[in-house]
C-alpha cells in the first residue's frame with residue numbers, strides 16, 4: 001500500500017492511499033496540520049515504526065476505512081462497508097494505542113526540538129507506563145520524526161511525500177475478523 005501526504009495551500013493537507021486489492025481511499029482535507037509533522041503523518045510513522053497492525057493505516061491496508069477515509073462512490077459496496085465496520089470493531093484497541101503513541105511520541109519530539117517546555121509531565125517511565133512503549137522505542141520514533149519533518153517542511157503546496165506500508169504489518173486477506 002502506498003500512502004501519499006500532500007501539502008495543500010494554507011494550513012491544510014490531504015492523504016491518498018493506493019491499495020493492492022481494494023479501491024483507493026482519500027482524506028480530502030485531513031485534520032491536525034503542523035508545519036513540520038501533520039497529525040496523520042505522525043500516526044503513519046508511529047504505526048509503522050512500532051508495528052501497530054490495526055491502527056489507522058493497518059486498517060486501510062486490510063481494506064477498511066478507519067472511520068475517516070473515503071472511496072469514490074463508484075468503488076463503494078456493501079462488502080467493503082462490512083469489512084470496514086468489522087475492522088473498526090476488531091481494531092479499536094490498536095486505534096486507541098495509536099492515538100496514545102502518537103501523542104506521546106509527538107510530545108517527546110516537540111520537547112526535543114524546543115517546541116514544548118521539558119518538564120516532569122514527560123519522564124520516560126510515565127511514557128512507558130501510558131503507551132506501552134519503551135523509552136528506546138519512543139526515541140527511535142522521534143529520530144524518524146526528525147528525518148521526515150525536515151522533508152515535509154520543505155514542501156511547497158501541491159508537493160507530497162509518499163511511503164510504503166510494510167506488507168508484514170498488513171492483515172492477510174484470509175484472516176477472519178471477530179467482533180469484540
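Under a crude label model (7 Å from the Cα following the beta-carbon direction), how far is residue 144 from residue 28 in nanometres?
Calculated label separation equals 3.0 nm.
In degrees, nearest 10, range 0 to 90: what is the angle between the Cα axis of helix 135-153 and the longest Cα principal axis of the chain?
With both axes taken from Cα atoms, the answer is about 80 degrees.
I need the shape label for segment 2-169. Rule: rounded when a/c is under 1.5, else prolate if a/b > b/c, else oblate, with a, b, c from the alpha carbon gyration tensor.
Oblate is the answer for segment 2-169, as a/c is 1.5 or above yet b/c matches or exceeds a/b.
Among 57, 21, 163, which one shows the highest mean-square fluctuation when the chain is modelled as a Gaussian network with alpha-carbon springs under 10 Å?
21
Starting with the fewest neighbours, write out 170, 111 ranked by other beta-carbon atoms found within 10 Å of each beta-carbon.
Ordered by Cβ neighbours within 10 Å, fewest first: 111, 170.
With an 8 Å cut-off on Cα pairs and a minimum separation of 6 or more residues, tell me the relative contact order of the chain in percent.
Relative contact order for the chain comes out at 31 percent.
What do you get for the angle between helix 78-90 and the principal long axis of the chain? Use alpha-carbon atoms, 0 to 90 degrees, nearest ten.
Its long axis makes an angle of about 40 degrees.
When the chain is modelled as a GNM with alpha-carbon springs shorter than 10 Å, which of 58, 114, 32 fluctuates the most?
114
What is the angle, in °, between the Cα long axis of helix 39-49 and the longest principal axis of the Cα atoms in the chain? Nearest 10 is fine, range 0 to 90.
So the inclination is approximately 90 degrees.
Bear in mind these aren't lab numbers, they're just calculated from the coordinates by the rules spelled out. Note that the coordinates shown come from a computational prediction; the quantities given were computed from them, not determined experimentally. Cβ: placed from backbone, ideal geometry, glycine included. Neighbour counts: every protein chain shown.
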